[in-house]
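The values are calculated or read from the model by the stated rules, or taken from the named source; none is laboratory data. This is a predicted model, so every value here is computed, not measured. Cβ coordinates were reconstructed from backbone atoms using ideal geometry, including for glycine residues, and neighbour counts include every protein chain displayed.
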Amino acid sequence: MGSTVVNLRSKALRGLGNIVVADPDVLRLDIVKTGIEDRLSDSSPAVRDAAVDLIGKYIVQRSELADQYFDHISMRVTDAGLGVRKRVVKLLRDMFNVTNNDEVKTNICCKLIEATNDEDDGVKDLAVKSLTEILCPPSNFDPAQAAALLVDVIKDYRGKDESLKAALEAVGANGQTQRYAEIIDSLISRMVDATEQSEFNATSHIKAIALLSFDDPALIDNQKATVLLTYLRTATNADEARTNELLLEIFTRSIPFMPKASSSFAQELSKIVRGFVGKPPNIDALKNIVACYCAVTKHLTQEWAALFMVLRSCLIQIRAKGLANASSPAIAMVYFITALITEFAKPEELAAENSQVEDIIRGITDEPLQEYLLDNYIAFSGAASSQKVPSLCLAALFRAYPPLILQEKSAVWMQRVFSSDDMENKGKPKKQGVDDLIGSAADLHESGVSTALVQRNIDYVIAGAKSNHAKLQSAAMEVFEFTINQGLYHPLHAGADRHIAEQALNLHSTLHTKHPSLLNVRYLEFARSSYDYLRTITAEPVGHYNGTPGLGGWYDLLSEKRAWRLEFLRALVKAFDFELMGNEKIEPGFVLYIAENLSTFNYQLQEEVMSVVQHLSHVVSEGTAVANAIELGKVMGMEDESLADKVAVVSEFNAQRLANASIVVGIALLLKNLLLDGYGLTEDKCLKFVPGKKSALGDRAATNRYTKAPPLDHSRIPLVHGVETVRDFWSQQATFLHMMREDGMLGQMPPL
């Protein structure tokens, strides 16, 4: 094994394997152990692979070997050889099953989490599959054991929190929601039983609950939240501060899913967070505190007067202190509280509906509150010695009211900061322009704010990129990245005038040929732009013209590269995604426009069709929650009354939003069935297909059994473009439930 010839070292390992067949105890000999350990660090990936293979064959037979070789095997998780990494991930899974050492089991999970960040999709998939089998085994699943293991993993994991979160999200995406619910129940039980244990690590338990419930906040019901609330208290050390941060994040996400009957929990939580607002631990903790306070007020207590009296008292304090104290940390906290309440509660919008709130706001100022605050924050920026808090305040205000950033006074503020000698402060407006503004407000791009913002400040951005200050350069480069990634999209080549459309497509084709990597991004924004353009021509845009898709020209441009086509389709089907509890508008008309395009595209390979069907199947599957909500929904009022602001009683969702969500699911159902029928596919095959991976089925040519792909027939959804009245809601309610029953997504329920 010490030969200088790679092939001989590999042969020596294979020869040793033959000896071990007869006597596995040979692996315990120090001279053998040292030789194998040396080969695990060999310069040749083939030799390292052979060494891992040798250990793997016999380690499952002897648990003590798993403990003996774990440290050396685990180091190979980041091996340069792809084959080595794959073999190590498989071996770690096997080692977990044979070892009785809890510490080794915990470390194996930590290494598998690390492997989920691998650059190779195959290694990632193996790592996720292994973690799934460990945390949520298909048989003999014990939620108490899984909870204990997860707590130990979280306590010992030394990687980035983002990696841990992504790994658990990937495991949860494999259909483990019910298992996650059971693990959370066990974690809560451990927390209840451990109230008297001085050594109990509450932070790891709460972090585990936060991670498991991140994608499904409804897993935290009123009873669980009440238990968690007992751990929310004034922090005296870093661990307690981190615990509070996690708890506030959990409550903020889960409160929208709790019934309004959760009064005792809501009142107690309001009391605690109101105390935190009065005596905040530090500036960084304020965002979670105020976000939670606003969430519990909005969804549970409705005690708006108390919330806005806090806002008013803060503004009175600011007015009394004046700008002479602008550099005081205490007054900076007060400024930031006002900005966060404005961001999360939108006072002016509530004032239009609530006279009590209106009286409080008008007691502060007669002008629009956001304008008043903008003037105050800009003045605060001019007087403060540090721009950190003023920039945070303005960023929060701009997120709540994006058009404010285009006002002349905002531009003057940015120019003043850009022109200063403080390099640290120069970078902040650039970061606000990208991360805090563009990244946090999905409608900024469509509203034109982002484009105008970049155009107005591009000279400062270029100057920042050319500076010698690393942080300033980094901020400038992020702005460049955003600007470039907008790519080209022009709505005219999806228009009804085919001559104009052809000219626009030719221009796009020319740029596509010269700069394909810059243009082939932000596909969904292009589709949105084309739809918005068509709406200026007709109230109900159509996604095809006599069976020719409006976006077909662009799709054909992407035909030369498989990855481009798949990315294009993955982007378009995201139009079907929605959050029933979210704030983004659900537009059935836009979804129908995308669906009509997807139904008539000239697909080249079956993998393209299967990728679309796979996403649609997930939308339809999640549509059962919409069906349950709309079935329970009862809208009161005259038939011709507008649905605006009406709530579907019992389900307590906005009636119009609920009905429009059901239309989106219905369109997804129709399109899914049309594609399955036209291309002779089964839904099971599509669900098992892994997009982007080569397979015999996916590589087959996509052949529609009809001479020309038929456009989507949406006659089964009479109100496909949206609902407006109470009568519309009732009609769509019956239509949607009938469709879901026919497709087998719902059990046989009695008719409405």
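Yes/no matrix, rows are residues, columns are (1) of a type outside the set (S, T, Y); (2) surrounded by 23 or more Cβ atoms within 10 Å (Cβ to Cβ); (3) at pLDDT 85 or above; (4) not in a helix (DSSP H, G or I):
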site: V521; (1), (2), (3), (4): yes, no, no, yes
site: D532; (1), (2), (3), (4): yes, no, no, no
site: E540; (1), (2), (3), (4): yes, no, no, yes
site: G553; (1), (2), (3), (4): yes, no, no, no
site: E584; (1), (2), (3), (4): yes, no, no, yes
site: Y593; (1), (2), (3), (4): no, yes, yes, no
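Rundown of residues vs (1) within 30 Å of F257 (Cβ to Cβ); (2) under 23 Å from the mean Cα position of the chain (by Cα), yes/no style:
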| position | (1), (2) |
| --- | --- |
| L534 | no, no |
| H544 | no, no |
| L551 | no, no |
| L558 | no, no |
| L566 | no, yes |
| E579 | yes, yes |
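Using the structure shown, decide if V88 is more than 37 Å from the chain's Cα centre (by Cα) and either more than 14 Å from D120 (Cβ to Cβ) or not small (G, A, S) (or both). Here the answer is no, as V88 does not meet what is asked.
Determine whether A305 is within 27 Å of the chain's Cα centre (by Cα), within 23 Å of Q356 (Cβ to Cβ) and among the hydrophobic types (A, V, I, L, M, F, W, C).
Numbers: within 27 Å of the chain's Cα centre (by Cα): no; within 23 Å of Q356 (Cβ to Cβ): yes; among the hydrophobic types (A, V, I, L, M, F, W, C): yes.
No; evaluated as a whole, the condition is false for this residue.
Of the listed requirements (1) closer than 22 Å to S270 by Cα; (2) among the aromatic types (F, W, Y); (3) part of a loop (DSSP other than H, G, I, E, B), F200 misses just one: (1). Scan (1) surrounded by fewer than 18 Cβ atoms within 10 Å (Cβ to Cβ); (2) over 24 Å from N97 (Cα atoms) for the single condition V47 breaks and write down its number. That leaves (1) as the condition not met. A single member of L369, L340, L374 is crowded, with 18+ Cβ neighbours inside 10 Å and touching an Asp or Glu at 6+ places or on another chain (Cβ under 7 Å), and it is L369. Can you confirm whether F251 is within 19 Å of the chain's Cα centre (by Cα) and farther than 18 Å from K279 by Cα? Yes: the conditions hold for F251.
Checking K86, K90, K105 one by one, the residue that is of a type in the set (K, R) and within 21 Å of D161 (Cα to Cα) is K105 and no other.
Here the condition is being at pLDDT 90 or above and over 30 Å from V5 (Cα atoms); of V123, V77, V104, V60, it holds for V104 alone. If you go through segment 694-752 and pick out every residue that is farther than 26 Å from G547 by Cβ, hydrophobic (A, V, I, L, M, F, W, C), part of a loop (DSSP other than H, G, I, E, B) and at pLDDT 85 or above, you end up with 1. Scanning segment 379-408 for residues that are aliphatic (A, V, I, L, M) and more than 15 Å from I337 (Cβ to Cβ) yields A379, A383, A384, L404, I405, L406.
Restricted to segment 555-582, and to residues there that are under 15 Å from N660 (Cβ atoms) and among the aliphatic types (A, V, I, L, M), the residue that is surrounded by the fewest Cβ atoms within 10 Å (Cβ to Cβ) is M581. Residues of segment 570-582 that are touching a Pro at 6+ places or on another chain (Cβ under 8 Å) and part of a helix (DSSP H, G or I): R570 alone. Restricting attention to segment 675-702, the residues being within 28 Å of G722 (Cβ to Cβ) and either of a type in the set (S, T, N, Q) or crowded, with 21+ Cβ neighbours inside 10 Å (or both) number 1.
Quick check: anything in segment 296-317 closer than 30 Å to V153 by Cα and either touching an Asp or Glu at 6+ places or on another chain (Cβ under 8 Å) or not hydrophobic (A, V, I, L, M, F, W, C) (or both)?
Quick first cut of segment 296-317, residues closer than 30 Å to V153 by Cα only: none.
Checking segment 296-317: not a single residue is closer than 30 Å to V153 by Cα and either touching an Asp or Glu at 6+ places or on another chain (Cβ under 8 Å) or not hydrophobic (A, V, I, L, M, F, W, C) (or both).
If we scan segment 288-300, do we find a residue that is touching a Lys or Arg at 6+ places or on another chain (Cβ under 8 Å), in a helix (DSSP H, G or I) and modelled with pLDDT under 95?
So in segment 288-300, the residues touching a Lys or Arg at 6+ places or on another chain (Cβ under 8 Å) come out as 293, 299-300.
So of that shortlist, the ones also in a helix (DSSP H, G or I) come out as 293, 299-300.
From what is left, the residues that are modelled with pLDDT under 95 are 299-300.
The answer is yes; a qualifying residue exists.
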